[in-house]
1. For Cα pairs less than 8 Å apart in space and 6+ apart in sequence, what is the mean separation divided by the residue count of the chain, i.e. the relative contact order in percent?
2. Could you put Val104, Val42, Val30, Val121 in order of accessible surface area, largest first, with the 1.4 Å probe and the full protein assembly present?
3. Would you mind telling me the share, in percent, of accessible area of region 9-129 contributed by carbon and sulfur at probe 1.4 angstrom?
4. How would Tyr89, Tyr12 rank on accessible area, largest to smallest, probe 1.4 Å?
5. For the chain, just say rounded, prolate or oblate: build the C-alpha gyration tensor, square-root its eigenvalues into a ≥ b ≥ c, call rounded for a/c under 1.5, and beyond that prolate if a/b exceeds b/c, oblate if not.
6. Could you please tell me the mean projected area of the C-alpha convex hull for region 1-63, averaged over all directions and given in square nanometres to one decimal?
7. Report for the chain the percent antiparallel among DSSP-assigned beta bridges with both residues inside it, nearest 5.
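The values are calculated or read from the model by the stated rules, or taken from the named source; none is laboratory data. As the structure is a prediction and not an experimental result, all values here were calculated from the model. Accessible surface is based on the protein model in full, side chains and every heavy atom, while ligands, DNA and RNA are left aside. Shrake-Rupley method; radii C 1.70, N 1.55, O 1.52, S 1.80 Å.
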Amino acid sequence: MTRICGVDGCHYGWIALFCAENFSNVEWRVARDWTGLDLNAVSIAVDMPIGLADRGRRGCDEAARKAPHLRPSSIFPMPVRGALLHDSYAEANAWSKANGHGGVVKQAWNLKPKLLDVERVALNDPRAP
């Protein structure tokens, strides 16, 4: 039986919902960090941006904002990787502006721990594109 999985960030860390392709045999797991989810599924959908840019805007963010069936206001640009290396929102925002990347959107800054968790996994996973 093929299993599918959906993952999203939550207050505790991460939550993953697993089920069969016909949506039967549902189970869920919660873990503090991504590696604690023990993801073993054929298809995994993650409600989190994956792959931060070193400079400029991510093309997928720009394309999603233009999609006619999505609400542009619910899709906000991700900061460049360097902005997330700062300890405070004010520092990250100032650094990003000073380096020509524009301001950091507060909603994106609030995702910092989750973005960096996913980024670590994606960059170290040989299956990642």
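1. Answer for the chain is 20 percent.
2. The most accessible residue leads, giving Val42, Val30, Val121, Val104.
3. Carbon plus sulfur share of accessible area: 54 percent.
4. The residues order as Tyr12, Tyr89, largest area first.
5. Here the chain falls in the prolate category.
6. That works out to 5.7 nm², a quarter of the Cα hull's surface.
7. 75 percent
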